[in-house]
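> Let me give you the structure first, and then I'll get to my questions.
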Amino acid sequence: MKILVLNCGSSSIKYQLFDIASGGVLAKGIVEKIGLKGSFLKNERFDGDKVKLEGEILDHQSGIEYLLGLLISEKRGVIKSLTEIGAVGHRLVHGGETFQGSCYLDEVTIKGVEDCSDLAPLHNPANLKGIYAMKNLLPEVPQVGVFDTSFHQTMPDYSFMYALPYSLYKKYGIRRYGFHGTSHSYVSKRACEILNVPYDKMRIITCHLGNGASITAIKNGKSVDTSMGLTPVEGLIMGTRSGDVDAGALTLIMEKEEIDYSSLNTLLNKHSGMLGISGISSDMREVETAAAEGDERAILSLKMYQYRVKKYIGSYAAAMGGVDIIVFTGGIGENSPDDREKICENLEFMGIAFDKKANEGIRGKETVISTGDSKVKVMIVPTNEEWVIASETRDIVEQMNKKQ
Ligand code: ADP
């Protein structure tokens, strides 16, 4: 079976076509600048053939039509007919409290996703555009939704509630939900497979450090706390997002700068984080280069970044009564030996014996980076969110087929 994975944003569509039997990616790419000037599609085939096609792409449906056309094209394609696509898996951002796991997308569940749009007004409507477009273009092909939030639905109430008036939770669902669930779930399970230990008996801390970043405490196979909250702004310092800030500071900024809700939102999401502190870039490589050249704000931003992750590791170890495994993943977690080392520095008191040699120079490879006798195992596990979406999609479609 071939499964198409779609990740639809407000003006872009990322896609990968998987051959489920082999686990291989037949083609992947992105449609960008949908509805804007200069829209294009970039595709990479399994054999390395790359193409960028420019054209007027007015909406998500035309973008998907365009990419489907490419997948079956004689010259650049990877399949002969669209009937080879057995299912479509969508990355969906917010499932609120409705979705505890991935689901088959039918009238009822699509309505459920629509109802969660208030919680993620920028993301869910864009995700839905992809669902509607596929319904129009390939109505016979089953669609599955895989949510960023659902893995964290196991968090206990005392961990997910904000200490705000309880009525706001009841009225609007104001609580912590968490994101990056597919990644935290995948790398934690994979770490246990590699170590050959039982997933449902471990206390694991997973650090997903990419442009967006979050950290999760997983006890006995269940997410019990995670650093992102109602929105992805909470928690760790990110490329352009602030992470934790005193809410009182925000109301003061609004007053002093005379800005409204929407400008504050932009400030917190786009102008803060590593970019905001360093003034250089949101890209960790560029900040690291500037720090190596002695730029003081770059050095400060790195120290703040690493310190925040370390603080969360300490608090999650406390939350779980200890920790057995720490996993690094995401662009930074997988590729930055220096950040991993600084984050784990001085944590010997927790039973972490970090192996500097094993960590050195390792990028994007499953590796244990603690010493053989370390009580806590520290690991790098590259994430693969698209593959998780494809395999969940396969499982749900197979279950549906059995029922019929
Ligand atoms: P996204 O959240 O958009 O999926 P990624 O997981 O790809 O992002 O992570 C992007 C981040 O990873 C960027 O800040 C980038 O600088 C960082 N990164 C990638 N390679 C390295 C590296 N070799 N050293 C340090 N940071 C890296």
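> How many residues does region 81-108 contain that are closer than 19 Å to Leu17 by Cα and among the β-branched types (Val, Ile, Thr)?
Qualifying residue count, region 81-108: 3.
> With the requirement that a residue be in a loop (DSSP other than H, G, I, E, B), among the hydrophobic types (A, V, I, L, M, F, W, C) and either within 16 Å of the ligand (Cβ to nearest atom) or farther than 17 Å from Ala120 by Cβ (or both), what does region 211-262 give you? Break it down stepwise before answering.
Going through region 211-262, the residues in a loop (DSSP other than H, G, I, E, B) turn out to be 211-212, 220-221, 227-246, 258-260.
Next cut, among the hydrophobic types (A, V, I, L, M, F, W, C) only: 228, 230, 233, 236-238, 245, 259.
Listed by number, the residues that qualify are Met228, Val233, Leu236, Ile237, Met238, Val245, Ile259.
For (1) closer than 30 Å to Met1 by Cα; (2) touching a strand residue (DSSP E or B) at 6+ places or on another chain (Cβ under 9 Å); (3) within 16 Å of the ligand (Cβ to nearest atom); (4) at pLDDT 95 or above, each residue gets a yes or a no:
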residue	(1), (2), (3), (4)
Glu360	no, no, yes, yes
Thr367	no, yes, yes, yes
Ser370	no, yes, no, yes
Ala390	yes, yes, no, yes
Ile396	yes, yes, no, yes
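Every residue, every condition in (1) under 21 Å from Lys311 (Cβ atoms); (2) surrounded by fewer than 16 Cβ atoms within 10 Å (Cβ to Cβ); (3) touching an Asp or Glu at 6+ places or on another chain (Cβ under 6 Å), yes or no:
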| residue | (1), (2), (3) |
| --- | --- |
| Asn346 | yes, yes, no |
| Met350 | yes, no, no |
| Phe354 | yes, no, no |
| Ala358 | no, no, no |
| Lys365 | no, yes, no |
| Lys375 | yes, yes, no |
| Val378 | yes, no, no |
| Val381 | no, no, yes |
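> Could you say which residue among Ser263, Ser227, Ser223, Ser282 is hydroxyl-bearing (Ser, Thr, Tyr) and without any contact (Cβ under 8 Å) to a residue 60 or more places away in the chain?
Working: Ser227 fails: without any contact (Cβ under 8 Å) to a residue 60 or more places away in the chain; Ser223 fails: without any contact (Cβ under 8 Å) to a residue 60 or more places away in the chain; Ser282 fails: without any contact (Cβ under 8 Å) to a residue 60 or more places away in the chain.
Just a single option satisfies the conditions, and that option is Ser263.
> Could you count how many residues in region 116-141 are in contact with a Ser or Thr (Cβ under 8 Å, 6 or more places away or on another chain), surrounded by fewer than 18 Cβ atoms within 10 Å (Cβ to Cβ) and part of a loop (DSSP other than H, G, I, E, B)?
Number of matching residues: 1.
> Do any residues in region 366-386 that are assigned to a loop (DSSP other than H, G, I, E, B) have Cβ atoms under 6 Å from those of residues that are surrounded by 21 or more Cβ atoms within 10 Å (Cβ to Cβ) and β-branched (Val, Ile, Thr), where the two are at least six apart or on different chains, and which pairs are they?
Hits for this filter: Glu366/Val381; Ile369/Val378; Val381/Val187; Val381/Val327; Val381/Thr329; Thr383/Val187; Thr383/Thr329.
Residue-by-condition table, conditions (1) crowded, with 19+ Cβ neighbours inside 10 Å; (2) over 18 Å from Ala133 (Cα atoms):
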site	(1), (2)
Phe18	yes, yes
Gly48	no, yes
Lys52	no, yes
Lys75	no, yes
Ala87	yes, no
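> Right, another one. Is it true that Leu105 is surrounded by fewer than 22 Cβ atoms within 10 Å (Cβ to Cβ) and not aromatic (Phe, Trp, Tyr)? Spell out the reasoning first.
Working: surrounded by fewer than 22 Cβ atoms within 10 Å (Cβ to Cβ): no; not aromatic (Phe, Trp, Tyr): yes.
In short, no.
> Turning to a different aspect of this structure: Out of the residues in region 270-319 meeting the condition of being crowded, with 19+ Cβ neighbours inside 10 Å, among the hydrophobic types (A, V, I, L, M, F, W, C) and more than 16 Å from the ligand (Cβ to nearest atom), tell me which one is farthest from the chain's Cα centre (by Cα).
So the residue we want is Ala317.
The values are calculated or read from the model by the stated rules, or taken from the named source; none is laboratory data. What you see is a predicted model, and the numbers here were worked out from it, not measured in a lab. When we count neighbours, we look across all protein chains shown, and the Cβ atoms used for this are built from the backbone with ideal geometry, even at glycine.
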